[in-house]
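Colleague: Take this structure, written in structure tokens, and hold onto it; I'll ask about it next.
The values are calculated or read from the model by the stated rules, or taken from the named source; none is laboratory data. Quick caveat: nothing in here was measured; it's all calculated off a predicted structure. Positions of Cβ are generated from backbone atoms using ideal geometry, with glycine treated the same way; all protein chains shown enter the neighbour counts. Ligands, DNA and RNA are excluded from the accessible area calculation, which covers all protein heavy atoms including side chains. Shrake-Rupley method; radii C 1.70, N 1.55, O 1.52, S 1.80 Å.
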Amino acid sequence: MDTRKNMFLKKWVTGNLVVYPGLLGLLHPLIAHGFTGDHDKLLTTPQFIMHTLSIFIFVFFLAVTRNKTFEIIGKKKTLSDTWPFIFFTPWVFWLGYYTLFVPFDILFMFLSTGIINAIQLRPFVKSPAKWVWQCILGYLLAAVAGILIGLGAYLRYYKDFRGISRDLATWTSISIPAAFVVAYYFRYILGKQIRSKDRPDMISENKSNFSKVA
């Protein structure tokens, strides 16, 4: 595997292993529950605002990290690409929460992220049609892993915890398995789907050197 592609895949893994546990596992419960406390199914206005804000922060940095990762292989993305995440993902989260309740809020949030990535990254992969279902499947698997492990641990261990410790434990247990799925599933998929520019660049440099000699 060439150097640039290897760096790209390493940064993809590192970025997801940092963003998911850091912003969804730790920061989300601190913002969403730390300032406004526990809630029932119906949230107060401050609780709704703080939950939405924390999801904004999570998906914004998720998109920025993705963009920075793709810059390694010469695939330029801009901040405008973050708007679908900021606009759709929080509202899809609330759609799942207020229609089907937990854990469909988590499922819908991950699926929206997968659909946006499936669409936005299609121009950068070898097989766009294949990429769409691979991408959506990856985020579905991440959601299922997080839900099964995180909510399973909540029902088995965390439900009797008090205060913010319960939310921190639950969201950490959701985000870490999801992070590993997104990091390593897509490391494999992107390893097959992404073309690196290392080789063309080397060819271009060699041509330039030959022209100078001539």
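Colleague: Taking Thr89 as the residue in question, decide whether it is touching a residue at least 40 places away in the same chain (Cβ under 8 Å) and not aromatic (Phe, Trp, Tyr). Can you show your working first?
Modeller: Details: touching a residue at least 40 places away in the same chain (Cβ under 8 Å): no; not aromatic (Phe, Trp, Tyr): yes.
So Thr89 does not fit the description; no.
Colleague: Identify the single condition in (1) part of a loop (DSSP other than H, G, I, E, B); (2) closer than 17 Å to Ala142 by Cα; (3) of a type outside the set (D, E, K, R); (4) touching a residue at least 60 places away in the same chain (Cβ under 8 Å) that Ile106 does not satisfy, given that it satisfies every other one.
Modeller: With respect to (1) part of a loop (DSSP other than H, G, I, E, B); (2) closer than 17 Å to Ala142 by Cα; (3) of a type outside the set (D, E, K, R); (4) touching a residue at least 60 places away in the same chain (Cβ under 8 Å), Ile106 is out only on (1).
Colleague: Working only within segment 174-214, note down all residues that are at pLDDT 60 or above and not in a helix (DSSP H, G or I). Steps first, please.
Modeller: Of the residues in segment 174-214, the ones at pLDDT 60 or above are 174-196.
Selection gives Ile194, Arg195, Ser196.
Colleague: Moving to a separate point now. For segment 39-48, give me each residue that is surrounded by fewer than 18 Cβ atoms within 10 Å (Cβ to Cβ) and either among the polar types (S, T, N, Q) or assigned to a helix (DSSP H, G or I) (or both). Write out each step before concluding.
Modeller: So in segment 39-48, the residues surrounded by fewer than 18 Cβ atoms within 10 Å (Cβ to Cβ) come out as 39-42, 44-46, 48.
Residues satisfying the conditions are Thr44, Thr45, Pro46, Phe48.
Colleague: Please count how many residues of segment 79-92 are surrounded by 18 or more Cβ atoms within 10 Å (Cβ to Cβ) and among the aliphatic types (A, V, I, L, M).
Modeller: Final tally of qualifying residues: 1.
Colleague: Could you run through segment 49-78 and say how many residues are assigned to a helix (DSSP H, G or I) and open to solvent by 30 Å² or more (accessible area, probe 1.4 Å)? Step through it out loud before you land on a result.
Modeller: Within segment 49-78, the first condition is being assigned to a helix (DSSP H, G or I), and the residues that meet it are 49-71.
Keeping just the survivors that are open to solvent by 30 Å² or more (accessible area, probe 1.4 Å) gives 49-50, 53, 56-57, 60-61, 64-65, 68, 71.
Looking only at that region, the number is 11.
Colleague: Oh, and also: If a residue has to be in a helix (DSSP H, G or I) and open to solvent by less than 40 Å² (accessible area, probe 1.4 Å) to count, how many in segment 93-103 make the cut? Walk me through it before giving the result.
Modeller: Residues of segment 93-103 in a helix (DSSP H, G or I): 93-99.
Subset that is open to solvent by less than 40 Å² (accessible area, probe 1.4 Å): 93-94, 96-97.
Total meeting the criteria: 4.
Colleague: Take the residues of segment 152-173 that are at pLDDT 95 or above and among the aliphatic types (A, V, I, L, M): which is farthest from the chain's Cα centre (by Cα)?
Modeller: If we take residues in segment 152-173 being at pLDDT 95 or above and among the aliphatic types (A, V, I, L, M), then Ala153 is farthest from the chain's Cα centre (by Cα).
Colleague: Also, I was wondering about something else. How many residues does segment 114-168 contain that are buried (at least 19 other Cβ atoms within 10 Å of the Cβ), over 21 Å from Arg187 (Cβ atoms) and of a type in the set (A, V, I, L, M)?
Modeller: 2
Colleague: Of all residues in segment 32-51, how many are aliphatic (A, V, I, L, M) and over 16 Å from Pro90 (Cα atoms)?
Modeller: Start the filter on segment 32-51 by keeping residues that are aliphatic (A, V, I, L, M), which leaves 32, 42-43, 49-50.
When the remaining residues are screened for being over 16 Å from Pro90 (Cα atoms), the result is 42.
Residues that pass the stated criteria total 1.
Colleague: Looking at the structure I just gave you, is Thr14 surrounded by 14 or more Cβ atoms within 10 Å (Cβ to Cβ), in a helix (DSSP H, G or I) and among the hydroxyl-bearing types (Ser, Thr, Tyr)?
Modeller: Details: surrounded by 14 or more Cβ atoms within 10 Å (Cβ to Cβ): no; in a helix (DSSP H, G or I): yes; among the hydroxyl-bearing types (Ser, Thr, Tyr): yes.
Taking the combined requirement at face value, the residue does not satisfy it.
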